Amino acid sequence: MVQTPSTMLDIGTQAPDFSLPEPASGKTVNLADYAEKPLLVVFSCNHCPYVLHIIESFAAFANEAQNRGLAVVMINANDVAGYPDDSPDRMVAMAKRLGFGFPYLYDESQQVAMSYRAACTPDFFLFDGAHRLVYRGQYDGSRPGNKIAVDGSDLKAAVEALLAGGDIGAEQIPSVGCNIKWRAGNEPDYC
């Protein structure tokens, strides 16, 4: 497996706007839906081994964190023509199977992923209530095959600090995973 790291968008960056469909509900979800709420934006997909390695832990964590005031959206920007396992129908199946209590959105144009400078799956972006970036980094140190337990410690610590009004700290370790599957001719200049 080739590891692609997060681009580590600058702390303080304002959350780029988005308006994306949620295949499970047929609704459109917008950044404005989360005005004045801390927000976790996660770029993910259905087939990546790095995602599959953490997804059960992440879904449980995200569902619980929403009960404490954190909004969560997950976005799939992969090219489904080349990677049919990431199709909207399969997104719906994954969300149902894992009990996602948060929207799983489809970025068919890949423009939202580019605006966030997303590079890998999973790629995590945590914003405060004013939607300024406070954390971008790994879920934890676990990777497929490295025998470190999946516990979400890095992201959980950042979320806990944000919700408690504390300092998250500047030392953040990039997330790594599979590269976003860009359509031919759509590869961003930062990858």
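Values for this structure:
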| read-out | value |
| --- | --- |
| Any hit, segment 55-63, residues being aromatic (Phe, Trp, Tyr), outside any loop (DSSP other than H, G, I, E, B), closer than 24 Å to residue 152 by Cβ and touching a Ser or Thr at 6+ places or on another chain (Cβ under 9 Å) | yes |
| Among residues of segment 80-100, those that are in contact with a helix residue (DSSP H, G or I) (Cβ under 8 Å, 6 or more places away or on another chain), in contact (Cβ under 8 Å) with a residue 40 or more places away in the chain and part of a loop (DSSP other than H, G, I, E, B), counted | 2 |
| Top-ranked residue of segment 107-125 - restricted to ones that are among the acidic types (Asp, Glu) and crowded, with 18+ Cβ neighbours inside 10 Å, ranked as nearest to residue 161 (Cα to Cα) | 123 |
| Residue count for segment 6-32, restricted to those that are surrounded by fewer than 16 Cβ atoms within 10 Å (Cβ to Cβ) and not in a loop (DSSP other than H, G, I, E, B) | 6 |
| For residue 36: the one exception among (1) of a type in the set (Asp, Glu); (2) on the phi < 0 side of the Ramachandran plot; (3) not in a helix (DSSP H, G or I) | (2) |
| Selection status of residue 145, small (Gly, Ala, Ser), under 16 Å from the mean Cα position of the chain (by Cα) and at positive phi | no |
| Positions within segment 93-132 being in contact with a Cys (Cβ under 6 Å, 6 or more places away or on another chain) and either at pLDDT below 95 or small (Gly, Ala, Ser) (or both), in sequence order | 119 |
| Candidates 41, 51 - the one that is part of a helix (DSSP H, G or I) and either without any contact (Cβ under 8 Å) to a residue 40 or more places away in the chain or in contact with a strand residue (DSSP E or B) (Cβ under 7 Å, 6 or more places away or on another chain) (or both) | 51 |
| Output for segment 126-177, where each listed residue is crowded, with 19+ Cβ neighbours inside 10 Å, touching a residue at least 60 places away in the same chain (Cβ under 8 Å) and part of a helix (DSSP H, G or I) | 155, 159, 162 |
| Test result for residue 104, at negative phi and buried (at least 16 other Cβ atoms within 10 Å of the Cβ) | yes |
| Among (1) farther than 20 Å from residue 66 by Cβ; (2) under 14 Å from the mean Cα position of the chain (by Cα); (3) not aromatic (Phe, Trp, Tyr), the one test that residue 170 misses | (2) |
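Every residue, every condition in (1) among the β-branched types (Val, Ile, Thr); (2) out of contact with any Pro (no Cβ under 7 Å at 6 or more places or on another chain); (3) modelled with pLDDT of 95 or more; (4) within 18 Å of residue 178 (Cα to Cα), yes or no:
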residue: 28; (1), (2), (3), (4): yes, no, yes, no
residue: 31; (1), (2), (3), (4): no, yes, yes, no
residue: 70; (1), (2), (3), (4): no, no, yes, no
residue: 80; (1), (2), (3), (4): yes, yes, yes, yes
residue: 86; (1), (2), (3), (4): no, yes, yes, yes
residue: 91; (1), (2), (3), (4): no, no, yes, yes
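The values are calculated or read from the model by the stated rules, or taken from the named source; none is laboratory data. Keep in mind the model is a prediction, meaning the values are calculated, not measured. Virtual Cβ from ideal backbone geometry, glycine too; neighbours counted across all protein chains shown.
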